[in-house]
């Protein structure tokens, strides 16, 4: 009888362990996230905001790209033929950063070169601001999300020790599971959001810097074009 009882007891324990494993494996992602507690709410908001900024900046940067060399060549041909208004309309047609910068310079043609250069510089500053817009949001999310996650770690450990105190030390791992869940999940969520935000921040910032460099080069080429004497003037000289 003792042997049979031990076998039955062992079988019951194995069934209980299998049931526990099945319950844990059946937990959905939402159930796991819910274990993180109230700290998961600001992390969720930050993740949605990060996705919005990444998608919005990506679309804006892609729409801002154009062949600056072709633009300059076409404008040069129009200006040499005396079609200043046609060059302005050509810039309006593309509605790109480079087009708006050159338009500001073309509209000042006939004035001193310093005024044209200042107009181009001011237009360039505006375009740089629009290109870098909301990037500070992404940098803030990259820094704040892990800190919020670590805050959840602290609150989770406080919760676990409060449970220990309330039970006067007579605890088992299942009693501490809630606090440990909160500590680990919030830390992981905060790090994930922060890493993604930081990675895309650097990626998008690299694209912005390259685009600004191209705008500055194209603006300098345009100013050189304006200061190059026409063939007629060279022949007269």
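If I go through the range 117-139 residue by residue, how many of them are touching a residue at least 40 places away in the same chain (Cβ under 8 Å) and either farther than 16 Å from residue 215 by Cβ or touching a strand residue (DSSP E or B) at 6+ places or on another chain (Cβ under 9 Å) (or both)?
Number of matching residues: 5.
Which condition breaks for residue 58 when tested against (1) at pLDDT 85 or above; (2) closer than 17 Å to residue 215 by Cα; (3) surrounded by fewer than 17 Cβ atoms within 10 Å (Cβ to Cβ); (4) under 32 Å from the mean Cα position of the chain (by Cα)?
Of (1) at pLDDT 85 or above; (2) closer than 17 Å to residue 215 by Cα; (3) surrounded by fewer than 17 Cβ atoms within 10 Å (Cβ to Cβ); (4) under 32 Å from the mean Cα position of the chain (by Cα), only one is false for residue 58: (2).
Restricting attention to the range 70-88, does a residue exist that is within 30 Å of the chain's Cα centre (by Cα) and in contact (Cβ under 8 Å) with a residue 60 or more places away in the chain? Before the answer, list the steps.
At the first step, the residues of the range 70-88 found to be within 30 Å of the chain's Cα centre (by Cα) are 71.
Restricting the remaining residues to those that are in contact (Cβ under 8 Å) with a residue 60 or more places away in the chain gives 71.
Yes, because at least one residue in the range 70-88 is within 30 Å of the chain's Cα centre (by Cα) and in contact (Cβ under 8 Å) with a residue 60 or more places away in the chain.
For the condition assigned to a helix (DSSP H, G or I), more than 24 Å from residue 196 (Cα to Cα) and without any contact (Cβ under 8 Å) to a residue 12 or more places away in the chain, what is the one hit in 59, 93, 111?
After ruling out the rest, the residue left standing is 93.
State yes or no: is residue 116 in contact with a helix residue (DSSP H, G or I) (Cβ under 6 Å, 6 or more places away or on another chain), modelled with pLDDT under 90 and assigned to a helix (DSSP H, G or I)?
Working: in contact with a helix residue (DSSP H, G or I) (Cβ under 6 Å, 6 or more places away or on another chain): yes; modelled with pLDDT under 90: yes; assigned to a helix (DSSP H, G or I): yes.
When the stated conditions are applied, residue 116 passes them.
Working carefully through the options 185, 192, 158, find the one that is within 30 Å of residue 49 (Cβ to Cβ), modelled with pLDDT of 90 or more, in contact with a helix residue (DSSP H, G or I) (Cβ under 9 Å, 6 or more places away or on another chain) and assigned to a helix (DSSP H, G or I). Full working, then the answer.
Working: 185 fails: modelled with pLDDT of 90 or more; 158 fails: modelled with pLDDT of 90 or more.
Result: 192 is the single residue among 185, 192, 158 that is within 30 Å of residue 49 (Cβ to Cβ), modelled with pLDDT of 90 or more, in contact with a helix residue (DSSP H, G or I) (Cβ under 9 Å, 6 or more places away or on another chain) and assigned to a helix (DSSP H, G or I).
The values are calculated or read from the model by the stated rules, or taken from the named source; none is laboratory data. No experiment lies behind these values; they were computed from the predicted model shown. Counting neighbours? That spans all protein chains shown, and the Cβs are built from the backbone with ideal geometry, glycine included.
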